[in-house]
1. Between GLY126, GLY108, which is assigned to a strand (DSSP E or B) and of a type in the set (Gly, Ala, Ser)?
2. Being outside any loop (DSSP other than H, G, I, E, B) and either under 19 Å from the mean Cα position of the chain (by Cα) or of a type in the set (A, V, I, L, M, F, W, C) (or both) is the filter here, so list the residues in segment 26-41 that pass it.
3. Of all residues in segment 1-25 being part of a loop (DSSP other than H, G, I, E, B) and not charged (D, E, K, R), which is modelled with the highest pLDDT?
Amino acid sequence: MSDDTAADEPELGSPEQRLREARKQARIARDDLTPNTPAWHMAQATVEHAEEAMQALDGGPVPDGEDLRSDGGTMDASAEAVDRLEVTYQPPAGPRRRVRFEPRAADGGMWRYTDVWTGCRWRQEGCEPVDMIDVERGGEVIR
């Protein structure tokens with residue numbers, strides 16, 4: 001093994017190494033289950049939670065970090081409430097859902113979060129960086 005490869009690998013027993021292993025095991029379990037069953041969704045949620053924690057270790061938003069909003073959402077410390085955009089909707093079947101866009105402090109972009117209502121709180125399902133969003137209302141584009 002070269003020194004470069006060793007530098008890329010997390011230290012044995014480190015939080016990053018344990019999260020990678022948890023994600024790997026959850027993916028294996030998910031792939032062995034029947035899609036769209038409760039057990040499959042639990043395994044998928046475990047994969048996503050491990051990925052979110054790994055993202056937080058890499059400097060991304062921390063799902064359960066210090067910058068929690070009162071409704072359970074997260075935002076970067078420098079985010080202004082006026083800069084956030086949130087859309088909540090009720091699909092014909094299933095729980096309420098929402099899509100949130102919150103400022104990224106590092107580069108001026110946004111984080112796109114997708115959440116589902118559990119009956120008592122919002123649970124984050126996914127998160128990805130977004131460079132720019134356009135909002136159209138009544139034929140007018142707001143940037």
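1. Numbers: GLY108 fails: assigned to a strand (DSSP E or B).
Step by step, each of GLY126, GLY108 is checked, and only GLY126 is assigned to a strand (DSSP E or B) and of a type in the set (Gly, Ala, Ser).
2. Start the filter on segment 26-41 by keeping residues that are outside any loop (DSSP other than H, G, I, E, B), which leaves 26-32, 38-41.
Selection gives ALA26, ARG27, ILE28, ALA29, ARG30, ALA39, TRP40, HIS41.
3. Top of the filtered list is SER14.
The values are calculated or read from the model by the stated rules, or taken from the named source; none is laboratory data. What you are looking at is a predicted structure, and each value in this text was computed from that prediction instead of being measured.
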